[in-house]
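A quick write-up on the structure given underneath.
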Amino acid sequence: MKKTGRVKPFYDPPSLLLRQMGGTLLMGYLNRWRNFPSWLLRHGITSMPVANGALGMGCIGYPGHPAWEVTGSCNLRCIHCHAVSGKASADELDTDEGKRLIDMLAAESEFRTLVYTGGEPLVRRDIFELLRHSQRAGLANIIATNGTMIDEETAFKLKDHGVVCNAISLDAADPSIHNRIRNRPDAFDLTMRAIEATKKAGILLQINTTAMEYNMESLPALIDFADECGAGIMLMYQLVAVGRGEKIETATLKKSANNYLSRLISEKQKKCDMIIEPVAGPQYWPYLLEKGGIRGGLTLDLAGTVFHGCAAGRGFVYIKANGDVWPCPFVEISGGNIREKTFHQIYHGSKLFQDLREREERLKGLCGECHYKTVCGGCRGRAHAYTGDYLAEDPRCFIRETHPGLLKAE
């Protein structure tokens, strides 16, 4: 492989720790998280390159990180995936175009990490060449993977190529449920192999789970299982009716299930050694504030700084395999294509991203009137999936029913 220069350092631990602790501390305080010191000792140092100096927490984790769907190709056919084809498209960015995209992302000061996702990113033949390029560009690499292709040798190779976190999908602690969702009889065993290899290589383990009707009853046990596996972070996705998920819309969560999931995450957070964050469930953050009796004052101001709710288009960005730039995988609208414009022009200049960056003034319906539109903002992907309008109110919000007095913003 041709060398592209020295690997740039991508983070400075002391400064990162100070910035990243604000959201974690407030979340821990509101949840009465008794194991925060244990998490800090076990995962604090290894988690710092993942968030890489970001200030705050929100949907899909911390603000200020892009995710690149490097391919639509995958070795599995999961029933809920937002990707539809399972095969690589003819118009996917090639290696040189991918490297140009990486350079454009690295030029954005707010982006210090890059999430490689798919499909399954490890099926792409040039994946390690791309990882090396982003490593040399000064970005910390994260792999969002189904885990079936990661053995011990691969895990150490990923580590050498700047991967600081393996985000491995796991849908149930019961192998039969996981295998059913993943449509492969040995998926669970291969995922467990990846989990062990990830830990052995010294890469932070993140567990990604999609909550849907198929596995709702299994979620409490799964959270315990992920904690026992030594995960530092768990992202709890909600199924949004996009991609293959459109065909199983009945499996998406209703308001009551969204409420249940927020309560479950909060309750489990008290005792576990990992951070649990919701995805496509930004109502979790106002739920925590209501639970703590915080409706105004300095603490609410602080919450507005470190809790960002829906991050679509305002810190989080999703680049499709063909170069289209979406606000998130669930908001299926392109602000432009990097083959036609620079990423900077799209991210900072398109109306789509401007609307989302200034959502407090532009949200419609009850989301626009809500007291918590800064710390929540409703799921923009769900709003778009059900109404065709990414600024519409979130049809699965339970806050308006459990706390109706908060619907008028102050």
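Within segment 223-243, being among the β-branched types (Val, Ile, Thr) and touching a Pro at 6+ places or on another chain (Cβ under 9 Å) holds for VAL240, VAL242. Against the numbered list (1) modelled with pLDDT of 95 or more; (2) open to solvent by 40 Å² or more (accessible area, probe 1.4 Å), GLY335 comes up short only at (2). Considered as a group, the residues in segment 58-73 that are open to solvent by 10 Å² or more (accessible area, probe 1.4 Å) and either aliphatic (A, V, I, L, M) or in contact with a Cys (Cβ under 7 Å, 6 or more places away or on another chain) (or both) include one that is farthest from LEU356 (Cα to Cα), and that residue is ILE60.
Among the residues of this structure, THR299 does not count as one that is outside any loop (DSSP other than H, G, I, E, B), modelled with pLDDT of 85 or more and among the β-branched types (Val, Ile, Thr).
Picking from residues in segment 101-117 that are under 17 Å from the mean Cα position of the chain (by Cα) and of a type in the set (A, V, I, L, M), the one that is most open to solvent (accessible area, probe 1.4 Å) is VAL115. Of the set (1) open to solvent by 20 Å² or more (accessible area, probe 1.4 Å); (2) in contact with a Lys or Arg (Cβ under 8 Å, 6 or more places away or on another chain); (3) among the hydrophobic types (A, V, I, L, M, F, W, C), all apply to LEU76 but (1).
Of all residues in segment 145-163, those satisfying the criterion of being aliphatic (A, V, I, L, M) and open to solvent by less than 20 Å² (accessible area, probe 1.4 Å) are ILE150, ALA155, LEU158, VAL163. Of the helices (runs of 4 or more DSSP H) lying entirely inside segment 1-89, those containing at least 2 residues that are farther than 16 Å from GLN206 by Cβ and at pLDDT below 80 are 13-31. Six or more apart or on different chains, Cβ under 6 Å: which pairs go from a residue in segment 35-52 that's closer than 19 Å to ILE143 by Cα to one that's in a helix (DSSP H, G or I)? Could you list them? What qualifies is MET48/PRO13; MET48/LEU16; ALA51/GLN20. Taken over segment 362-395, the criterion of being in a helix (DSSP H, G or I) and without any contact (Cβ under 8 Å) to a residue 24 or more places away in the chain is satisfied by ALA383, THR387.
Being within 20 Å of ARG182 (Cβ to Cβ) and either modelled with pLDDT under 95 or surrounded by 14 or more Cβ atoms within 10 Å (Cβ to Cβ) (or both) is a property that does not hold for GLY98. When GLY61, GLY98 are checked against the criterion of being at positive phi and small (Gly, Ala, Ser), a single residue qualifies: GLY61. For HIS133, the criteria (1) closer than 23 Å to TYR347 by Cβ; (2) assigned to a loop (DSSP other than H, G, I, E, B) hold in every case but one, which is (2). Name the residues in segment 118-132 that are under 18 Å from CYS81 (Cα atoms), open to solvent by less than 30 Å² (accessible area, probe 1.4 Å) and not charged (D, E, K, R), would you? If the condition is that a residue be under 18 Å from CYS81 (Cα atoms), open to solvent by less than 30 Å² (accessible area, probe 1.4 Å) and not charged (D, E, K, R), then GLY118, GLY119, PRO121, LEU122 are the ones that fit.
Determine if segment 338-345 includes at least one residue that is hydroxyl-bearing (Ser, Thr, Tyr), surrounded by fewer than 16 Cβ atoms within 10 Å (Cβ to Cβ) and modelled with pLDDT under 90. No.
The values are calculated or read from the model by the stated rules, or taken from the named source; none is laboratory data. Since the model is a prediction, treat every value here as computed from it, not as a measurement. Using ideal geometry, Cβ is built from the backbone for each residue, glycine included, and neighbour counts are taken over all protein chains shown. Calculation scope for accessible area: heavy atoms of the full protein, side chains included, ligands and nucleic acids excluded. Shrake-Rupley method; radii C 1.70, N 1.55, O 1.52, S 1.80 Å.
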